[in-house]
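The values are calculated or read from the model by the stated rules, or taken from the named source; none is laboratory data. Every value quoted in this text rests on a predicted model; they were computed, and no experiment measured them. As a convention, Cβ positions derive from the backbone with ideal geometry for all residues, glycine included, and neighbour counts pool all protein chains shown.
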Amino acid sequence: MNVDLFSGVFAYLAFVIVCLTGALRGMPLADVLTRAILALIVFAVLGRVFGALGRRLVLESISQEKEEQPIPTLAPAPTGARRSPGA
């Protein structure tokens, strides 16, 4: 999971929601853009924090699962007598 991608999507979504809400309410453009940019910054930071937290939780869970249920390894084939293809 890419933390930067999560942060960017989170911030962009907040920016779009604030812009659409301001436009639907008929707010002045300067107010809408000010609030949208503020939301962009705040949610970029929150997205980075939550993305990093989520990544850490997933990696720890995977590590714990590997310790509890290791993947078995196959034993090498015996190198004793081999049959010839025509026999």
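Residues of segment 20-31 being part of a helix (DSSP H, G or I) and surrounded by fewer than 18 Cβ atoms within 10 Å (Cβ to Cβ), which ones? Explain how you work it out, then say what you get.
The initial filter retains those residues of segment 20-31 that are part of a helix (DSSP H, G or I), namely 20-25, 29-31.
Correct list: 20, 21, 23, 24, 25, 29, 30, 31.
For residue 34, work out the one condition from (1) crowded, with 17+ Cβ neighbours inside 10 Å; (2) hydroxyl-bearing (Ser, Thr, Tyr); (3) modelled with pLDDT of 95 or more it doesn't fulfil.
With (1) crowded, with 17+ Cβ neighbours inside 10 Å; (2) hydroxyl-bearing (Ser, Thr, Tyr); (3) modelled with pLDDT of 95 or more applied to residue 34, the lone miss is (1).
Collect the residues in segment 38-52 that are surrounded by fewer than 17 Cβ atoms within 10 Å (Cβ to Cβ) and under 10 Å from residue 14 (Cβ atoms), keeping them in residue-number order. Step through it out loud before you land on a result.
Going through segment 38-52, the residues surrounded by fewer than 17 Cβ atoms within 10 Å (Cβ to Cβ) turn out to be 38, 41-42, 45-46, 49-50, 52.
Within segment 38-52, 38, 41, 42, 46 qualify.
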